[in-house]
1. Would you list 134, 375, 398 from fewest to most Cβ contacts within 10 Å?
2. As an exercise, use a Förster radius of 51 Å and the Cβ-Cβ distance of residue 428 and residue 336 to find the FRET efficiency, rounded to the nearest 0.05.
3. Would you mind getting me the FRET efficiency between residue 134 and residue 284? Use the beta-carbon distance for r and R0 = 30 Å, nearest 0.05.
4. Give, in nm to one decimal, the length gained when the segment between residue 414 and residue 439 is fully stretched (0.36 nm per residue of separation minus the Cα-Cα distance).
5. What's the exposure ranking of 457, 175, going from fewest to most Cβ atoms within 10 Å?
6. Please work out how much length the chain gains when fully extended from residue 149 to residue 460, using 0.36 nm per residue of separation minus the C-alpha to C-alpha distance, in nm with one decimal.
7. For the stretch 423-466, what is Rg from Cα atoms divided by 2.2 N^0.38 Å, rounded to two decimals?
8. Report P(r) for the stretch 31-186: all Cα-Cα distances, bin width 10 Å, range 0 to the bin holding the largest distance, values in whole percent.
């Protein structure tokens with residue numbers, strides 16, 4: 001059977017399979033990443049204040065913008081559609097392209113984190129692999145393959161990976177919080193929480209990590225890419241965002257406090273700090289048996305997050321393919337499962353390439369840091385379009401079903417400007433290498449050069465697609481045998 005392309009009136013459009021529960025769990029698994037708890041804890045108690053600031057200055061403007069824009073333009077496409085409506089085809093395509101491309105370095109980063117924590121399932125015998133690049137590469141390849149296959153089979157199957165990933169994220173976070181409270185009650189905290197220690201430092205080396213905590217609140221726009229697969233999206237999306245937003249903030253703050261109760265900041269690792277804290281706390285209070293299970297769940301939750309982003313952003317080249325900026329094959333639905341299987345497989349292949357590129361010429365931690373910075377830059381470029389579109393589209397007429405920001409157009413513009421400034425700061429900070437990076441020039445070259453190449457490829461593809469649509473190939477001459 002031939003592949004099919006969908007149109008708005010196509011009866012073969014994907015079924016609405018995501019209800020409110022699925023949506024909240026989807027937002028949780030895409031909005032919370034346990035790896036940023038370790039990153040925040042490594043910076044000390046001041047990160048608690050930065051979590052609150054990031055939630056107010058980034059998540060809140062983004063959530064309000066997503067609610068209004070998705071109610072203005074419901075359906076598949078999300079920020080691609082919003083940017084296109086506000087600024088035209090090129091802006092729409094580039095916002096979709098950079099958002100999609102951000103997953104190429106994202107997959108190695110999140111799967112490396114999963115691999116690092118999985119070692120705690122048998123720390124005594126597997127711990128030696130913590131600096132072995134071969135182990136991390138193989139783990140990333142196998143888990144990315146599994147996530148891709150589940151999403152090709154269909155969102156009604158793939159969503160179970162997302163849902164299980166969300167639950168797997170909750171359990172170790174809850175374990176850490178409960179054990180941290182017990183350890184604090186029995187022994188006191190390993191870190192002092194004072195007004196001075198909780199005041200953020202304005203030294204440049206301390207400001208660098210702010211971008212990662214701001215980045216940690218991204219993701220609330222993901223489900224809008226799948227509007228046609230959500231039940232009653234106008235009502236479900238706002239409530240899902242509200243519940244998920246509160247959940248995300250509390251999980252990050254309580255998780256960071258719990259890690260700092262177990263370990264002083266100097267002993268926390270970006271890659272395995274969460275499991276370090278769980279293992280240390282479990283040992284102190286006599287709950288050592290919980291460590292392997294927590295390690296498994298943390299690894300599973302990050303694989304689930306990778307699968308959720310794989311599912312969401314695959315819809316972007318799918319929609320762009322329908323608009324003919326990409327080859328038509330990108331708009332192809334699988335004949336049996338009705339999923340954008342070509343877009344999923346292309347993303348998988350390129351993700352594999354980035355797994356190897358990120359590791360080249362550096363340590364495991366160096367590869368992780370480079371991929372994290374590249375992800376932030378390319379992931380946040382589309383947010384510039386989202387907030388700018390939020391401002392521009394305030395002048396457009398709206399129907400009765402549109403959900404407006406409380407306070408109307410003036411407040412909506414202020415909210416979007418705050419988000420725009422926060423997004424710009426995050427991108428700038430992400431260029432700076434981490435203080436402990438040994439080869440800083442190579443790190444900057446990878447981050448800036450890799451991000452620039454991804455943007456340039458997108459611009460070239462757009463130009464090629466435009467030229468192809470303006471000058472289509474002539475149809476082959478008919479013959480007497482036709």
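Throughout, read-outs are computed from the coordinates displayed, never taken from laboratory work. For clarity, every value in this text was computed on a predicted model and none was experimentally measured. Every residue, glycine among them, receives a Cβ derived from its backbone with ideal geometry; neighbour counts consider all protein chains shown.
1. Working: 134 9, 375 27, 398 13.
The fewest-first ordering by Cβ neighbours comes to 134, 398, 375.
2. Working: r = 46 Å, r/R0 = 0.91.
Step by step, r from the Cβ atoms, then E = 0.65.
3. On the way: r = 34 Å, r/R0 = 1.13.
With R0 = 30 Å, the Cβ-Cβ based efficiency is 0.35.
4. Details: separation 25, 0.36 × 25 = 9.00 nm, distance 4.06 nm.
Once the chain is fully extended between residue 414 and residue 439, it gains 4.9 nm.
5. Values: 457 12, 175 21.
Listing 457, 175 from fewest to most nearby Cβ atoms yields 457, 175.
6. Values: separation 311, 0.36 × 311 = 111.96 nm, distance 2.95 nm.
Taking 0.36 nm per residue and subtracting the Cα distance, the gain is 109.0 nm.
7. On the way: Rg = 13.7 Å, N = 44, 2.2 N^0.38 = 9.3 Å.
Its radius of gyration relative to the 2.2 N^0.38 Å reference: 1.48.
8. 8, 23, 35, 24, 8, 1, 0
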